[in-house]
1. Give the order of 143, 16 when sorted by the count of other beta carbons within 10 angstrom, beginning with the fewest.
2. Once the dipole of the stretch 2-151 is set up with Lys and Arg at +1 and Asp and Glu at -1 on Cβ about the Cα centre, which of 86, 98, 76 lies farthest towards its positive end?
3. For a quick protection proxy, order the peptides 102-112, 128-138 by their average other-Cβ count within 10 Å, most packed first.
4. I need the P(r) histogram for the stretch 2-151: all alpha carbon pairs, bin width 10 Å from 0 out to the longest distance, whole percents.
5. Quick one: 2, 15, fewest Cβ neighbours within 10 Å first, how do they rank?
6. To make sure I understand, if each residue's beta carbon is the centre and we count other beta carbons within 10 Å, what order do 24, 42, 85, 3 fall in, fewest to most?
7. Taking the Cβ of residue 92 as the centre, find all other residues whose Cβ is under 11 Å away and add up their charges (Lys, Arg: +1; Asp, Glu: -1).
8. Could you calculate the contour length gain from residue 127 to residue 29, that is, 0.36 nm times the residue separation minus the distance between their Cα atoms, to one decimal place in nm?
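Any read-out appearing in this document is the output of simple, stated calculations on the displayed coordinates, not a laboratory observation. Since the structure is predicted, the reported quantities are computational estimates derived from the model, not experimental observations. Quick reminder, even Gly has a Cβ in these numbers, built from the backbone with ideal geometry, and neighbours come from all protein chains shown.
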Amino acid sequence: MRHFLIALTVFILDRLTKWLVIRHIVLDDNVPVIPGFFRLTHLENPGAAFSLFADSPSALRTGLLIAVSVTALAVVALLLWFRRHAFNLTTVALALIMGGALGNLWDRLSDGKVTDFLDFYIGAHHWPPFNLADSAIVIGALLLMLRMLRPEKHAEAAGR
């Protein structure tokens, strides 16, 4: 149950932050937060995380991204269901991924694109803008990688 609360919290925070950006920052405009490093920028991304495939002319792009998101959500939900009694790094990572995937899927289903607004840069070097859902997915993936690299020490590794 805690896993789904984490996913729900990520989803709600993602929806709230995107709503605030849409409501208070004009599309393609920005608000400097830390000059020369970070700003809030209202962008609409038809591609995947960090603007991957955003320039793809394929008419199938949105449908394919929705299908991948739904498939990933089904796999993550299944993994969390099987581990519903465990609360550890793996399940927290999966919950973060689930919440982020739900947040971006909501945008894609309702509008065909995702609102991005976190914009980091140094001079001419610019990281592609992203959102809270993307952040949760990346943090979840990093936690899963950390878990895979960490040696097994507990009975959990034995399948209990």
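1. Ordered by Cβ neighbours within 10 Å, fewest first: 16, 143.
2. 86
3. 128-138, 102-112
4. So the P(r) values, bin by bin, are 12, 38, 33, 16, 2.
5. The most exposed by this proxy come first: 2, 15.
6. Listing 24, 42, 85, 3 from fewest to most nearby Cβ atoms yields 85, 24, 42, 3.
7. Summing Lys and Arg as +1 and Asp and Glu as -1 gives +3.
8. Net length gain for the segment: 33.6 nm.
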